[in-house]
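Below is one structure; the comments refer to it alone.
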Amino acid sequence: MATKVILVGGGHAHLHLIRSLVDEHDDHVEVLLISRSSQQVYSPMLPGFAEGIYTRDQVLINLRTLCAKAGVPFIQREAAYINTSQRKLVCKDGAVYPFDILSLDMGVDNSSSGTKEKRNEKAGMLDTIESLRDSYYPLIVGDGPIEVELALAIQSYKQHNSKKGHVRLLGESRLLPAESNWTYQKVVRILNSRGVQVWENERIQEIQEDYIRTNKKNKVRFTDLFWQGHTVPSKLFQASNLPIDDNGFAETIATLQVKEHPYLFAVGDSTVMGKEVKRSESEANAARQGELLWENICHYLHGTELQSFHPQKRSYSVLSTGNGEGLLIYGAVSVHNKKAWKVRDKQDQSYMDHLLS
């Protein structure tokens, strides 16, 4: 009888694992993917989509198609909790799936609130971006790389397509708090030169239909709003009584296994390990986790020693800045030019080509 391995969630580590099964298949292992969505957006390409460089088809991963190539059954359902004593996954519609090994890679949710961002959440990220591009005064709330990239990408789209208005960006702290002050200063200069209006170190205290008010009494008007809120881990961990930290992130050990549950694996942003990784480095780490995840699952099945995962301490990243340019960041050093964007574009397209080939 084949060993049943269930993958929950279409995160990047799971995608890498499934792609590897296209070339190497074990008849003694039956792998199944369960995800609440049949499509996954490749998030590093969102700024390029916002700028109009990529189409929808170029940034979307069809999980059904990828699974079919790998011979992995795909089931579109949302997981509710894990019955650890009986090794069964229970979905929200009541469907139950027994397993021998289960791996979780679901990413994080967002705790945003308010009318317009709820509408955007239902419409989907790509619909949201298209709405923001056509809006006169889109307001993007957040201080992380994705908010900075989207602000610059949408502003670039407006300028190149003669769309009136300009983008507004509000950060609750300093923009790009994980980067050096030197890099931060460069990004601020780029935002100013492109015409993006910026507010920093201001928290939202009131949201109305067409404006927000901050703790500094500033009233910022908008015609559309993008606010992801604070990231929170999946509720499945708590519902399953798995070991979690004070913020609800799953506690894992270096072999990617959940503490005290060797037959459960967890990777990605919802884990304690994942939340410590900078977003700019998360994609590279996700690919490395995907490679090790399958190896360790096989090691566990055969009773051999599992290998440890060590996140990269330092790697370069490229922040998309619009106009076909990027800011290459390596530690405290950063360089802004078109070549940097070409490096990122090549990497992202090569990844998608490999994944979908």
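A few comments on the model shown:
- Matching residues in region 183-210 - criterion: being surrounded by fewer than 16 Cβ atoms within 10 Å (Cβ to Cβ) and farther than 27 Å from Gly326 by Cα: Arg203, Gln205, Glu206, Gln208, Glu209, Asp210
- Subset of region 297-316 (residues that are open to solvent by less than 40 Å² (accessible area, probe 1.4 Å) and in contact (Cβ under 8 Å) with a residue 40 or more places away in the chain): Ile297, Cys298, Leu306, Phe309
- Any hit, region 266-280, residues being closer than 22 Å to Ser43 by Cβ, touching a helix residue (DSSP H, G or I) at 6+ places or on another chain (Cβ under 7 Å), open to solvent by less than 30 Å² (accessible area, probe 1.4 Å) and at pLDDT 90 or above: yes
- When region 29-52 is limited to residues that are in contact (Cβ under 8 Å) with a residue 60 or more places away in the chain and open to solvent by 30 Å² or more (accessible area, probe 1.4 Å), the one that is farthest from Asp345 (Cα to Cα) turns out to be Val41.
- A single member of Leu89, Leu132 is open to solvent by less than 10 Å² (accessible area, probe 1.4 Å), at pLDDT 95 or above, within 30 Å of Ile34 (Cβ to Cβ) and among the aliphatic types (A, V, I, L, M), and it is Leu89.
- The criterion of being open to solvent by 40 Å² or more (accessible area, probe 1.4 Å), at pLDDT 95 or above, more than 19 Å from the chain's Cα centre (by Cα) and within 28 Å of His261 (Cα to Cα) does not hold for Arg64.
- Hits in region 156-182 (condition: in contact with a helix residue (DSSP H, G or I) (Cβ under 7 Å, 6 or more places away or on another chain), assigned to a helix (DSSP H, G or I) and open to solvent by 10 Å² or more (accessible area, probe 1.4 Å)): Tyr157
- Selection within region 135-146 - at pLDDT 95 or above, touching a strand residue (DSSP E or B) at 6+ places or on another chain (Cβ under 8 Å) and open to solvent by 20 Å² or more (accessible area, probe 1.4 Å): Tyr137
- Total residues in region 211-224, condition under 27 Å from the mean Cα position of the chain (by Cα) and loosely packed, with under 12 Cβ neighbours inside 10 Å: 0
- Considering Asn201, Asn241, Asn247, the condition of being closer than 18 Å to Val141 by Cβ and in a loop (DSSP other than H, G, I, E, B) is satisfied by Asn201 alone.
The values are calculated or read from the model by the stated rules, or taken from the named source; none is laboratory data. Model, not experiment: these values are computed from the prediction. Ideal geometry is used to build each Cβ from the backbone, glycine not excepted, and the neighbour counts take in all protein chains shown. Side chains are part of the model used for accessible areas, which takes the heavy atoms of the whole protein and leaves out ligands, DNA and RNA. Shrake-Rupley method; radii C 1.70, N 1.55, O 1.52, S 1.80 Å.
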